[in-house]
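FYI, it's all coordinate maths here, none of it is from the lab. Model, not experiment: these values are computed from the prediction. Cβ placement follows ideal geometry from the backbone for every residue including glycine, while neighbour counts extend to all protein chains displayed.
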Amino acid sequence: MSDASLTEPNPVTESYHQLHRGLGPVNLIMIGIGSIIGAGIFVIAGTAAAEHAGPAVLISFLIAGLGCLFTGLCYAEFASMIPESGSAYTYAYATMGRLMAWFIGWNMVLEYLVSASTVSVGWSGYFVSFLHGLGITFPPELANAPISGTSFSAIHLSGAIINLPAVVLIIALTVFLVVGVSESARFNALMVMIKTGIVILVITFGLPYVHVANLHPFIPPNTGTFGKFGISGILAASGMIFFAYIGFEAVSVAALEAKNPRRDLPIGILGSLAICTVLYIGMAVVLTGITDWRTLDVANPVSFAIGKISNLGWLVRWVDVGALVGLASVVFVSLYGQSRVFYSMARDGFLPPTFSKVHPRFRTPHRGTVITGFFAALLAAVFPLDILAELVSVGTLLAFIAVCGGIMILRITTPKAKRSFKTPAVWFVAPAGVATCLLMMASLFRSSPDTGSRLVLWTVLGLIIYFVYGVWHAAPSKWKVANE
């Protein structure tokens, strides 16, 4: 085929309503920033510094950012070749077949749906704290999960009833997503501008108060336990901080709603990643430079650190507002991404057709969006952040490894296929992406052994669904990538 087109032989996909193409490159960059800047910088960075890396958390940001850069370049090439919704799931389908596509798609549920639940729990904590600052006390039994604990052996009932603020947030954002992609994009853009502006304010006004003494020792000596400072602490922190970067992948799930996906998706992916990396490094320097890094293991490390500077007291309230908006926008993009992944999987026959039904007026996958919102709200209502957070990073790392591996496969099997964007130095970049992601996965498993057990249980559940339903309804291969 001379036009190097992609053919889609699966009969399941031949009749469906098209989504509305209303997103340009700026919208896509906003989607990426909306998902990237959130819990990673407003919550996790403080814990990573205080418990794992000290001031060397800056190196952890660089390691995680480098891994995302390698992977982002591979994503950009895939997005220019296969401008379809579904992201890593679709790319795995094109290169590795049906079983691997399901495996990656199932783990992307961790990246999006579970991430939405996890971040909404963090948002709830900031919301209750914000109300407290206004003199309003929210009942703790209605703002915490009834299940508590950080491992299987430590799970217990907390005495709380429901995390109501987290549930209400997810319901409200689900309604916005059902109404339409253009309206959702404008709403997301507003949230992005607010939180990005506040991050810039923190960096601008915080840098003059950075003291070199607070950055010493830059790499605290290891305590004798893996992940507790030293080199292993930097690696463990990079696995945690990886959570702060994963949002750039959400750009690729918007392929069916992009005006010019082959051109605009690479711009959105790399543009959002570049902007956020610069902001993250600036925030890491300010966080560890204006106060003792040992004190940053709190729920609100940014406002806590800023509050230590008397001349910046006016900024604390704005930081809390930025955190609320920032976390809400991450939940918003996570719900968006999950509904689009389910939409793609249903079109391919892996999931029931209801997930691919498009609203005749709003042109959004309304049923899949509502189902996604329901399960995200259910998880947020009963589970604490600690039980779910590390699974999000592991699921995403698996997806990233598949994308880097898939690009190498396509360079061999379809070297002449049309590529609007080509990964530079692909035989270095792609293996480096795989190696970096594997290193971060290993550090997560080493520092938190329960993460591996949770991943095994999640995989077994996914395989049961696949062999009961998906294997009987999905075609063996979805995409045929043709050479010129």
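By other beta-carbon atoms within 10 Å, ranking I33, I234 with the fewest at the front produces I234, I33. Normalised by the number of residues in the chain, the mean separation of alpha-carbon contacts (under 8 Å, six or more apart) gives a relative contact order of 37 percent. Annotation for T413 and I281: the two label points, set 7 Å from Cα along the Cα-Cβ direction, are 3.7 nm apart. A Cα-only calculation for the chain places Rg and Dmax at 21.5, 68 Å.
The Cα-based radius of gyration and maximum Cα-Cα distance (Dmax) for region 380-465 are 16.5, 51 Å.
Summing Cβ point charges (Lys, Arg +1; Asp, Glu -1) relative to the Cα centre of the chain gives a dipole of roughly 860 debye.
Distance from the C-alpha centroid of region 238-297 to that of region 37-97: 8 Å, rounded to the whole angstrom. Among the lysines of the chain, pairs at least eight places apart or on separate chains and with Cα atoms under 24 Å apart come to 13. Ranking G197, S80, A237 by Cα position along the charge dipole of the chain, where only Lys, Arg, Asp and Glu carry charges on their C-beta atoms, puts S80 farthest toward the positive end.
How would E249, E51 line up from fewest to most surrounding beta-carbon atoms within 10 angstrom?
If I rank by nearby Cβ atoms, fewest first, I get E51, E249.
Comparing I275, L164, L461 along the charge dipole axis of the chain, the residue lying farthest to the positive side is I275, per the Cβ-charge model.
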